[in-house]
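The values are calculated or read from the model by the stated rules, or taken from the named source; none is laboratory data. Please read all numbers here as calculations on a predicted model, not as lab measurements. As a convention, Cβ positions derive from the backbone with ideal geometry for all residues, glycine included, and neighbour counts pool all protein chains shown. Ligands, DNA and RNA are excluded from the accessible area calculation, which covers all protein heavy atoms including side chains. Shrake-Rupley method; radii C 1.70, N 1.55, O 1.52, S 1.80 Å.
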Amino acid sequence: MENNFDINNLVRENVKQMKPYSTARDEFKDFDIADMIFLDANENPFENGVNRYPDPQQGSVKEVLAKQKFVKTNQILLGNGSDEVLDLLFRAFCEPKKDNVITLPPTYGMYGVLANINAVENREVLLSDDFQPQIEKIIEAVDEQTKIIFLCSPNNPTGNSFSDESVAYLLQNFRGLVVIDEAYIDFSKKDSWSNELDEYPNLIITQTLSKAYGLAGIRLGVCYGSAEIISVLNKIKPPYNVNELTQKRAIERLGDTEKIKAEIESIITQREKLLKELLDVKFVEKIYPTEANFILVKVDDANKRYDKLIAKGIVIRNRTTQPLCDNCLRFTVGTEQENMKLIVALKEIN
Ligand SMILES: *Cc1c(COP(=O)(O)O)cnc(C)c1O
């Protein structure tokens, strides 16, 4: 990559021209001052806990995250789930009907969905048989209009992490943005790439409170990137994209570090137990290594086994239609009791 990486070469022209929408809260920021009278945002003045607009910059949440993840607050953008964050990346950097992105199936479906919604070409480069990025093929697929490469590590639905060498190679040699989706990083032994933010100006990391943090219902996605990248995304995000209830719940939960750690450890212990139990299930033909809170297995007949589990009241994910995932099922790791019931059911449908 050329040494003088300039984010402005990647930003869409219309976004470059824009100034961020300025909300009432942006124009007068000191809304903690108790004796101020706020008559600027057409809110209902009667207090009920959520009658005021939320902080558009989510300053309190970002401060907690910045401390915990060793990044600066201006290197963080929050969204209504990672899905909103990913959508903002398309809208900021990919010109519809002109630019393209690269994704590596089998992987998270939302990259392709968002490419479609934004009328951006999705160049799919299959993972290798051991579910690693095929670097040469990726490089071949890149052209002048390639803006983003999406890497999901640990990958959904395969469960494995991508090799550090592959990720570093792409960061060093691709002159567009490399987005690493780390939705499952807390279940992995690997460190987050967020430690490398200052090394790579084209690095973007997405994380979420939906998995390890146990807050799928509040919808909070996190994006880490250079201050320059984050300021571009800030320009185009909906002003109040993270609501007050979400911000409150996130702060409470992020403060509960011991409990989160214990839950993650328990899920990992359960995962390892499940992996052992699956060895005794006769129709399981292959158990793939996992660094996430789910396990991908190849079975004799995925559709048949899926239906039989449903009949026993257990819902898993059938991934058989995904490339390289013929007859594969994905099990999320549940509580000890849930996993025991799963194993009993799997042995009964043998
Ligand atoms: C579950 C998941 C997410 C989470 O998305 P949210 O919108 O934050 O709930 C992101 N990426 C991957 C790969 C996932 O599997």
Taking N as the residue count of segment 258-348, its alpha carbon Rg divided by 2.2 N^0.38 Å gives 1.06
Can you compute the radius of gyration and Dmax for segment 69-144, using only the Cα atoms, both in Å? 14.2, 39
Rank these residues by their accessible area, most exposed first, probe 1.4 Å: Val113, Val315, Val179. Val315, Val113, Val179
Once the Cα gyration tensor of segment 47-97 is diagonalised, semi-axes √(5λ) in Å: 25, 18, 8
Taking 51 Å as R0, compute the FRET efficiency from the Cβ-Cβ separation of Glu336 and Asp143 and round it to 0.05. 0.50
Provide the solvent-accessible area of Lys341, counting protein heavy atoms only and rolling a 1.4 Å probe, rounded to the nearest 10 Å². 140
What are the GluC sites (Glu not before Pro) within segment 96-197 that DSSP puts in a loop, where the Cβ has at most 14 other Cβ atoms within 10 Å? Glu144
Taking Cβ-Cβ under 4.7 Å as the only way to count a partner, pick out the unpartnered cysteines of the chain. Cys94, Cys152, Cys223
Mind running the shape call on segment 166-256? Use the C-alpha gyration tensor, a ≥ b ≥ c as the square roots of the eigenvalues: rounded below 1.5 for a/c, prolate if a/b tops b/c, oblate otherwise. oblate
By the DSSP-based rule, helices of the chain that are at least 27 Å long along the axis (C-alpha) and have a mean Kyte score of at least 1.0 are none
Counting Lys +1, Arg +1, Asp -1, Glu -1, what net charge surrounds Leu151 among other residues with beta carbon under 10 Å of its beta carbon? -2
Take the alpha carbon atoms of segment 213-267, find their radius of gyration, then divide it by 2.2 N^0.38 Å using N residues; give the quotient. 1.40
Charge tally in the Cβ shell below 12 Å around Pro289, where Lys, Arg are +1 and Asp, Glu are -1, Pro289 excluded: 0
Prolate/oblate/rounded call for the chain, Cα gyration tensor, a/c under 1.5 rounded: oblate
Computed log₁₀ I(q)/I(0) - Debye formula, equal Cα scatterers, no solvent, segment 88-217, q 0.09, 0.11, 0.15, 0.20 Å⁻¹: -0.24, -0.36, -0.68, -1.25
Extension gain from Asp164 to Lys304, taking 0.36 nm per residue of separation minus the Cα-Cα distance: 46.7 nm
Not counting ligands, DNA or RNA, and with a 1.4 Å probe, what is Met18's accessible surface area in Å² rounded to the nearest 10? 80
Which distance in nm do the two modelled labels at Asp6 and Glu43 give, with both placed 7 Å along the Cα-to-Cβ direction? 4.2
Counting only the backbone N, which residues of segment 181-208 are under 20 Å from the spot 7 Å out from the Cα of Lys235 toward its beta-carbon? 201-205
Per residue, how much accessible area does the chain have with a 1.4 Å probe, in Å²? 49
Can you tell which of Leu170, Leu209, Leu309 lies farthest toward the positive end of the dipole of the chain, using +1 and -1 charges on the Cβ of basic and acidic side chains (Lys, Arg; Asp, Glu)? Leu309
Indicate, rounded to the nearest 5 percent, the antiparallel portion of the DSSP beta bridges found entirely in the chain. 55
Proximal aspartates and glutamates relative to Lys211, as straight alpha-carbon distance under 12 Å, when same-chain residues fewer than 8 apart are discounted: Glu182, Asp186, Glu263
Using a Cα-Cα cut-off of under 27 Å, which lysines could be cross-linked to Lys235, ignoring same-chain neighbours fewer than 8 residues away? Lys16, Lys19, Lys29, Lys62, Lys67, Lys69, Lys72, Lys97, Lys98, Lys147, Lys248
Summarise the accessible area of the chain (1.4 Å probe, protein heavy atoms) by the percent that is carbon and sulfur. 49
Computed for the chain: size of charge dipole around the Cα centre, +1 on C-beta of each Lys and Arg, -1 on C-beta of each Asp and Glu, debye to nearest 20, value 920
Prolate/oblate/rounded call for segment 199-350, Cα gyration tensor, a/c under 1.5 rounded: prolate
